[in-house]
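To start, the structure itself, in structure tokens.
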Amino acid sequence: MPGVGTIVFYALAALVLAGAAGVAFSRNILHAAFLLLVTLVGTAGLYLFIGADFVGVAQLLIYVGGILVLLLFSVLLTQRIGDVRVTNLAMGRGIAVPVALVVGLLLVTVAGLTPWPRTEPVAAPTTARLGDAFLREYLLPFELVSLVLLMALVGAMAIARRAVHDTTTGKWRDGPGPSRTEAPAEERFTS
Amino acid sequence: MTSSTATQIGLGHFLVLSALLFTLGLITASTRRSAIAILMGIELMLNAGAINFVAFSHFSRGSIDGQVFAVFVVVLAAAEAVVALAIVLAVFRGFGSVDSDAMTTLKE
């Protein structure tokens with residue numbers, strides 16, 4: 001009779017893998033985005049199951065509450081919603097899927113055959129220890145990551161800004177402008 | 001996971017799970033045409049790596065380094081998603097679509 005922990009683990013694992021399979025094989029990109037939500041929530045559940053409480057909550061806040069919302073916004077801004085039924089086509093499956101399956105088989109074999117040491121884990125709250133680690137051994141990466149976040153913010157604003165044609169001077173300038181149906185000539189890439 | 005429930009879930013179970021998740025992310029990233037779907041595949045692969053980190057941290061006594069790395073993975077994935085989606089938006093404004101097959105202007 002498997003214990004409660006085993007059942008919970010397999011339920012969370014099934015959730016994670018079902019969501020990921022949906023992302024990989026769904027033909028509608030909106031479905032794929034919502035199934036990614038299921039995967040991320042399942043992963044957060046796995047973190048909480050294993051006792052990593054801070055990482056689990058951080059995953060929920062940052063991944064689900066930040067990254068996934070950003071993904072959904074970009075899906076809604078870049079797809080014609082009326083035609084969203086088949087928006088996620090796939091190409092090159094004949095070559096990519098066997099290669100990926102070989103990689104997966106290798107990883108699963110290594111993970112399953114290696115005699116991992118059987119240590120009995122101890123559940124304890126981790127937030128205080130993580131705070132200690134961030135401010136002692138991992139202080140430099142911590143500060144660098146804050147720099148990386150600043151660069152990401154500035155860079156994203158610099159990349160995504162829109163050039164506006166100033167009619168008084170006839171020049172192009174940056175800044176928010178009225179929404180236009182066609183990109184300005186400088187920004188249109190001819191293909 | 002307390003020792004009172006005597007679970008049989010070991011380190012290998014978590015690694016197999018993350019290997020399968022990585023494989024599905026790899027399939028997503030290499031077979032999709034939409035740039036946003038490729039980004040979703042990359043996020044799946046990053047999650048698989050983070051699960052590995054946390055699992056190793058849990059099963060090695062007294063070490064919390066894996067969870068530190070998992071937090072870094074989450075934060076860097078956020079920064080990468082922001083920049084990648086800004087690029088996708090800018091490209092959408094120039095090409096009118098996010099289909100990676102349509103972006104062929106670097107070819108001769």
I'd like to know if the stretch A:63-85 contains one or more residues that are on the phi > 0 side of the Ramachandran plot and modelled with pLDDT under 90.
no
Quick one: in the stretch A:103-116, which of the residues that are more than 8 Å from chain B (Cβ to nearest Cβ) and either closer than 19 Å to B:GLY66 by Cα or not β-branched (Val, Ile, Thr) (or both) is farthest from the chain's Cα centre (by Cα)?
A:PRO115
Can you find a residue in the stretch A:32-50 that is over 27 Å from A:ALA123 (Cβ atoms), in contact with a helix residue (DSSP H, G or I) (Cβ under 9 Å, 6 or more places away or on another chain) and open to solvent by 60 Å² or more (accessible area, probe 1.4 Å)?
yes
Give me the residue from the stretch B:60-70 that is part of a helix (DSSP H, G or I) and open to solvent by 20 Å² or more (accessible area, probe 1.4 Å) and, out of that set, farthest from A:THR43 (Cα to Cα).
B:ASP65
Taking the condition at the interface with chain A (Cβ under 7 Å from one of its Cβ atoms), part of a helix (DSSP H, G or I) and at pLDDT 95 or above, does B:PHE22 pass?
yes
Which of the residues belonging to the stretch A:130-152 are charged (D, E, K, R) and assigned to a helix (DSSP H, G or I)?
A:ASP132, A:GLU143
Quick check: is even one residue across the stretch B:81-104 open to solvent by 40 Å² or more (accessible area, probe 1.4 Å), free of Cβ contacts under 8 Å to residues at least 24 places away in the same chain, within 15 Å of the chain's Cα centre (by Cα) and over 17 Å from A:PHE54 (Cα atoms)?
yes
Which members of the stretch B:63-75 meet the condition of being more than 7 Å from chain A (Cβ to nearest Cβ) and within 13 Å of the chain's Cα centre (by Cα)?
B:VAL73
Determine whether B:ALA29 is crowded, with 23+ Cβ neighbours inside 10 Å, of a type in the set (Gly, Ala, Ser), within 26 Å of A:GLY155 (Cα to Cα) and more than 7 Å from chain A (Cβ to nearest Cβ).
no
Among B:VAL82, B:VAL54, which is the only one that is within 29 Å of A:VAL154 (Cα to Cα) and either in contact with a strand residue (DSSP E or B) (Cβ under 6 Å, 6 or more places away or on another chain) or not in a loop (DSSP other than H, G, I, E, B) (or both)?
B:VAL82
For B:ALA50, the lone unmet condition from (1) in contact with a Ser or Thr (Cβ under 6 Å, 6 or more places away or on another chain); (2) more than 7 Å from every other protein chain (Cβ to nearest Cβ); (3) of a type in the set (A, V, I, L, M, F, W, C); (4) open to solvent by less than 10 Å² (accessible area, probe 1.4 Å) is (1)
Note on the stretch A:16-31: residues surrounded by 20 or more Cβ atoms within 10 Å (Cβ to Cβ), under 25 Å from B:ASP99 (Cα atoms) and at the interface with another protein chain (Cβ under 7 Å from one of its Cβ atoms) are A:ALA20, A:VAL23, A:ALA24, A:ILE29
Where residues in the stretch A:98-116 are surrounded by 10 or more Cβ atoms within 10 Å (Cβ to Cβ) and not in a helix (DSSP H, G or I), which of them is modelled with the lowest pLDDT?
A:TRP116
Filter the stretch A:124-147 for residues that are among the aliphatic types (A, V, I, L, M) and within 21 Å of B:ALA77 (Cα to Cα); the one that is surrounded by the most Cβ atoms within 10 Å (Cβ to Cβ) is A:LEU130
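The values are calculated or read from the model by the stated rules, or taken from the named source; none is laboratory data. Everything quoted here is computed from the prediction, not taken from an experiment. In this analysis, Cβ positions are derived from the backbone assuming ideal geometry, glycine residues included, and neighbour counts consider all displayed protein chains. In case anyone asks, the SASA skips ligands and DNA or RNA and just uses the protein heavy atoms, side chains included. Shrake-Rupley method; radii C 1.70, N 1.55, O 1.52, S 1.80 Å.
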